[in-house]
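**Student:** Please see the structure below; I have some questions.
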Amino acid sequence: MNNIQDKYSWKLTDLYKNKETFYEAVKTMRNNLKEIETYKGKLCESSDNLYQCYALYETLLINFDKIYSYGMFSYHLNMADQEGIKLFKEVENLSSEFSTATSFITPEITFTDENIINKYLSEDKRLKPYERDIKDILEKKKHILSKEGENLLANYSEIFSAPENIYDILTNAEFKFGTLVDEEGKEIELTDATYTKYLKNPNIEIRKQAFHLMYKKYSKYINTITEMYLSNVKQTVITSRLRKYSSSLERATIHDDATIKVYEALMKGVNDGLEINHEFISLKRKLLNMNEMHLYDIYVNPFQEEKDEISFEDAKKEVKEALAILGTEYSDILNEAFEHNWIDAYEKPNKRGGAYSSGVYGVHPFVLMSFTQNKKDVATIAHELGHSIHSYYSSKNQNIIDANYTIMVAEVASTVNEILLNEYQIQHEKDKKKKAEYIYELLEMIRATFYRQSMFAEFEKEVHEKIENGEMLSAEDLNKMYYTLNQKYFGKDIIIDDKIQYEWSRIPHFYRDFYVYKYATGISAAICIATKILNKEEGFIKKYINMLSQGCTKKSVDLLKMVDVDLEDSNTYKVMTQFYKEKIDELRSLI
């Protein structure tokens with residue numbers, strides 16, 4: 001490997017010196033798994049047993065984190081390499097063994113008298129590092145069934161997942177959407193993967209063809225998909241009742257470390273700010289110079305996208321300058337990431353696509369991406385390093401059990417970085433057209449992440465409530481509900497095409513009940529935080545770093561309150577929509 005490749009590639013030796021050392025760690029891990037199983041059936045007989053088991057569990061987690069990461073990273077660097085495949089299979093098997101060996105911990109704490117557990121916690125100070133995790137188990141106890149009930153539900157788990165599995169097979173493997181004719185008169189097959197690309201095509205006929213082909217197929221199977229979706233909803237409703245939740249929404253939000261108040265505040269906030277979204281839609285129509293704008297036109301960028309190229313070194317420089325506002329300590333960690341091989345930057349044969357950041361406790365985070373010298377890749381670097389530095393702070397300040405953070409806050413730090421980068425690019429760009437493109441891209445991100453995902457969330461809430469109230473729903477009912485929501489969210493300056501009523505049926509996230517609202521809350525929190533950073537609010541950076549350092553030691557809603565973001569208050573979303581409004585005005589004045 002030459003020096004250039006060395007500079008922009010991971011060093012897996014940061015994890016293990018060589019494969020022999022790795023396999024020694026795997027062997028030790030398996031021996032330790034046998035040791036932890038000796039506590040099965042007697043975990044809660046004494047506070048010493050509880051402590052010794054948790055102390056060993058903590059060590060196992062640290063070692064497993066390194067082992068699994070080494071196997072996964074080796075595989076992702078070359079997914080055709082047989083040795084890498086072998087390593088990944090090894091850690092996958094070990095993952096299953098680890099889960100099986102430690103599966104007794106939660107049920108044994110759950111089914112032990114709560115007074116006994118609390119006595120251990122108050123009297124044995126050695127348990128303090130594990131108190132949050134143990135109390136979290138006790139808190140969920142009221143929603144746990146008897147051992148027989150839990151076993152019954154577990155045996156039905158495969159049946160419960162059937163609607164989603166059938167939907168995936170039908171729409172991914174069996175749907176053929178037909179062909180469209182491109183600018184050169186060639187027939188091209190439309191796929192779900194290429195659909196968005198065609199919606200962004202400057203040629204309106206191509207966009208129109210793609211839109212109608214897509215929903216022609218879904219409309220043909222709408223009754224079948226309706227039955228699958230409603231079966232999934234009914235299963236969720238029944239399970240929520242069995243587990244003594246007031247509703248399926250309460251069950252979902254508690255699982256997310258959130259509350260029903262968060263969901264309701266989001267719904268109020270987005271509905272109060274709908275006119276601002278209508279304003280952006282109207283501006284879109286003017287920018288596209290269209291007398292009539294359809295829903296299949298909204299993805300077109302009205303500014304010519306130049307294929308700006310940038311070197312990785314210049315991209316690093318831009319990210320560092322944009323994020324310098326976060327202070328010296330944050331900048332030093334960024335330098336550490338860039339200079340000490342946290343990032344595997346470039347495309348390689350058979351390397352995994354996409355981008356991610358994966359923290360490894362006690363080592364450092366690892367970022368995988370495929371840098372193509374496209375200016376848009378700069379945002380990917382800023383985003384993934386947001387995750388990385390979040391992981392860095394939480395791992396540095398918490399034990400491994402408390403270092404993980406929930407999905408409610410997972411995208412906040414990464415999105416804050418993107419917003420700070422975008423603002424830096426807008427302020428430092430001299431070319432008006434390019435500046436307008438940056439602003440437009442930020443507005444599109446907000447529209448797609450805040451308004452679109454909130455529309456999905458409102459649809460889900462309405463469907464679940466109707467099922468909980470015993471209403472019988474048909475495909476026609478769902479179509480009408482969804483079409484009406486489109487009218488509400490997009491406004492009167494766009495034609496709400498009849499076929500959009502079927503769009504709900506191609507959203508796979510709906511089979512993971514109440515998942516999408518977290519995208520909207522995440523970007524709202526990020527914009528509140530980024531706004532305070534950009535305004536240089538005194539003492540705020542310190543509060544922000546402190547929040548990133550907490551891991552999961554507090555509830556997600558309480559974590560964000562540390563940086564003055566209250567997701568249960570609709571005014572939080574007003575800050576979001578006001579930011580959106582300001583950027584619309586900025587774009588309008590610029591052009």
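Read the figures in this text as sums done on the coordinates, not as results from a lab. In this text, all values refer to a predicted model and were calculated from it rather than measured experimentally. Here the Cβ is made from the backbone with ideal geometry for all residues, glycine too, and neighbour counts use every protein chain on show.
**Student:** Please find the FRET efficiency linking ASN291 to LEU590, where r is the Cβ-Cβ separation and R0 is fixed at 22 Å, and quote it to the nearest 0.05. All intermediate terms of the calculation are to be shown ahead of the outcome.
**Tutor:** Details: r = 24 Å, r/R0 = 1.08.
Between ASN291 and LEU590 the formula returns 0.40.
**Student:** Would you mind checking which residues have amide H under 5 Å from ILE495's amide H? H placed 1.01 Å from N; only 5 or more apart, or other chain.
**Tutor:** Excluding prolines and chain starts, which carry no amide H, the hits are MET293, HIS294, LEU295.
**Student:** Using Cβ contacts closer than 10 Å as the measure, can you line up SER74, SER474 from fewest to most? Please report the intermediate quantities before stating the final value.
**Tutor:** Details: SER74 24, SER474 13.
By the 10 Å Cβ count, ascending: SER474, SER74.
**Student:** Which of the pairs LYS128/LYS542; LYS396/LYS532; LYS316/LYS351; LYS216/LYS268; LYS536/LYS581 have their Cα atoms more than 28 Å apart in this structure?
**Tutor:** LYS216/LYS268
**Student:** Which GluC sites (Glu not before Pro) does region 152-239 hold that lie in a coil by DSSP with at most 13 other beta carbons within 10 Å?
**Tutor:** Working: sites: GLU158, GLU164, GLU174, GLU183, GLU184, GLU187, GLU189, GLU205, GLU227; in loops: GLU183, GLU184.
Within region 152-239, the qualifying GluC sites (Glu not before Pro) (loop, at most 13 other Cβ atoms within 10 Å) are GLU183, GLU184.
**Student:** Tell me, what ³J(HN,Hα) does each residue in region 6-15 have, in order and in whole Hz, if you take phi through Karplus 6.51 cos²θ - 1.76 cosθ + 1.60 with θ = phi - 60° and put x for Gly and Pro?
**Tutor:** My calculation for region 6-15 gives 4, 5, 10, 10, 5, 10, 5, 5, 5, 9 Hz in order.
**Student:** Same structure, new question: Between ASN535 and LYS140, what is the label-to-label distance in nm when each label sits 7 Å out along the Cα-to-Cβ direction?
**Tutor:** Using points 7 Å along Cα→Cβ, the separation is 3.8 nm.
**Student:** May I pose another question? With everything on Cα atoms, drop me the angle between helix 570-590 and the longest principal axis of the chain, reported from 0 to 90° to the nearest 10.
**Tutor:** 40 degrees
**Student:** Looking at the chain, what % of its DSSP beta bridges pair antiparallel, to the nearest 5?
**Tutor:** Working: 7 of 11 bridges.
About 65 percent, rounded to the nearest 5.
**Student:** How big is the charge dipole of region 3-155 about its Cα centre, in debye rounded to the nearest 20, if each Lys and Arg gets +1 on its Cβ and each Asp and Glu gets -1 on its Cβ? Write out the running numbers ahead of the final one.
**Tutor:** Working: 22 positive and 26 negative charges, 42 e Å.
Its charge dipole is roughly 200 debye.
**Student:** Right, something else. In whole Hz, what ³J(HN,Hα) sequence does region 368-373 give by Karplus (6.51, -1.76, 1.60; θ = phi - 60°), x for Gly and Pro?
**Tutor:** Here the 3J(HN,Hα) series is 10, 7, 10, 6, 10, 6 Hz.
**Student:** A further question follows. List residues of region 145-180, by number, whose backbone nitrogen lies under 19 Å from a label position 7 Å along Cα→C-beta of LYS40.
**Tutor:** Correct set: 147-148, 150-152, 154-155.
**Student:** Taking 8 Å as the Cα distance limit and 6 or more residues as the minimum spacing, I'd like the relative contact order of the chain as a percentage. Show your work: numbers first, answer last.
**Tutor:** Details: 714 pairs, mean separation 107.8, N = 591.
Once normalised by length, the contact order is 18 percent.
**Student:** For helix 260-272, report the angle its Cα long axis makes with the longest principal axis of the Cα atoms of the chain; keep it between 0 and 90° and round to the nearest 10°.
**Tutor:** Tilt relative to the chain: about 10 degrees.
**Student:** With percent of Cα pairs over 45 Å apart as the read-out, I listed (i) 15; (ii) 20; (iii) 32; which label goes with the value calculated from this structure?
**Tutor:** The value computed from this structure is option (ii).
**Student:** Residues with beta-carbon under 11 Å from that of PHE540, excluding PHE540: net charge, scoring Lys, Arg +1 and Asp, Glu -1?
**Tutor:** Working: positive: LYS532, LYS536, LYS542, LYS543; negative: GLU537, GLU538, ASP564.
Neighbour charge sum, excluding PHE540 itself: +1.
**Student:** Amide H to amide H, which residues 5 or more places from PHE371 or on other chains are under 5 Å from it, using H placed in the peptide plane?
**Tutor:** Amide H to amide H, under 5 Å and 5 or more residues apart or across chains, PHE371 pairs with TYR346, GLU347.
**Student:** If you don't mind, another one. Name the aspartates and glutamates eligible as straight-distance cross-link partners of LYS480: C-alpha to C-alpha under 14 Å, and not fewer than 8 places from it in the same chain.
**Tutor:** Within the straight-line cut-off, LYS480 pairs with GLU458, GLU460, GLU462, ASP497, ASP498, GLU503.
**Student:** Test of understanding: ordering ARG30, ARG243 by Cβ neighbours within 10 Å, fewest first, what list do you get? All intermediate terms of the calculation are to be shown ahead of the outcome.
**Tutor:** Working: ARG30 13, ARG243 17.
The most exposed by this proxy come first: ARG30, ARG243.
**Student:** Which distance in nm do the two modelled labels at LEU473 and GLU158 give, with both placed 7 Å along the Cα-to-Cβ direction?
**Tutor:** Here the answer is 2.9 nm between the modelled labels.
**Student:** List, in the order given, every pair from LYS66/LYS554; LYS197/LYS286; LYS200/LYS317; LYS234/LYS461; LYS135/LYS555; LYS40/LYS244 whose Cα-Cα distance in the structure shown is over 19 Å. Walk me through the intermediate numbers first.
**Tutor:** Values: LYS66/LYS554 25 Å; LYS197/LYS286 22 Å; LYS200/LYS317 31 Å; LYS234/LYS461 13 Å; LYS135/LYS555 12 Å; LYS40/LYS244 28 Å.
Violating the 19 Å Cα-Cα cut-off are LYS66/LYS554; LYS197/LYS286; LYS200/LYS317; LYS40/LYS244.
**Student:** Taking 0.36 nm per intervening residue step and subtracting the Cα-Cα distance, what contour gain separates ASN404 from THR28 on full extension? Walk me through the numbers before you get to the answer.
**Tutor:** Details: separation 376, 0.36 × 376 = 135.36 nm, distance 2.42 nm.
Length difference between fully extended and current span is 132.9 nm.
**Student:** Taking the convex hull of the Cα atoms, report for region 308-369 its projected area averaged over all directions, in nm².
**Tutor:** 5.3 nm²
**Student:** Among THR236, ILE225, ALA379, whose Cα sits farthest toward the positive end of the charge dipole of the chain (+1 at Cβ of Lys/Arg, -1 at Cβ of Asp/Glu, about the Cα centre)?
**Tutor:** THR236
**Student:** Just subtract the alpha-carbon distance of GLU329 and LYS574 from 0.36 nm times their residue separation and send over the number in nm, one decimal.
**Tutor:** Extra length available between GLU329 and LYS574 comes to 85.1 nm.
**Student:** Quick one: net charge of ILE333's neighbours, Cβ under 14 Å, K/R +1, D/E -1? All intermediate terms of the calculation are to be shown ahead of the outcome.
**Tutor:** On the way: positive: LYS316, LYS320, LYS396; negative: GLU329, ASP332, GLU336, GLU339, GLU384.
Local net charge: -2.
**Student:** Now for a different question. Express in nm, to one decimal, how much length is gained between THR372 and THR224 on full extension, taking 0.36 nm for each residue of separation and deducting their alpha carbon distance. Don't skip to the answer; put the middle values down first.
**Tutor:** Working: separation 148, 0.36 × 148 = 53.28 nm, distance 4.20 nm.
Value of the extension gain: 49.1 nm.
**Student:** Need the C-alpha centroid separation for region 208-230 versus region 133-207, integer Å.
**Tutor:** 14 Å
**Student:** Still on this structure: Once the other residues with Cβ under 9 Å from the Cβ of LEU368 are scored (Lys, Arg +1; Asp, Glu -1), what is the net sum? Mind showing how you got there, number by number?
**Tutor:** Values: positive: LYS351, ARG352; negative: ASP344, GLU384.
Charge balance in the 9 Å sphere: 0.
**Student:** Between 0 and 90 degrees, rounded to the nearest ten: what's the tilt of helix 475-490 against the longest Cα principal axis of the chain?
**Tutor:** The answer is roughly 70 degrees.
**Student:** Once the dipole of the chain is set up with Lys and Arg at +1 and Asp and Glu at -1 on Cβ about the Cα centre, which of TYR483, ILE36, LEU442 lies farthest towards its positive end?
**Tutor:** Going by the Cα projections, it comes out as TYR483.
**Student:** So how far, in whole Å, is the C-alpha centre of region 506-524 from the one of region 540-591?
**Tutor:** Taking the Cα centre of region 540-591 as reference, the centre of region 506-524 is 19 Å away.
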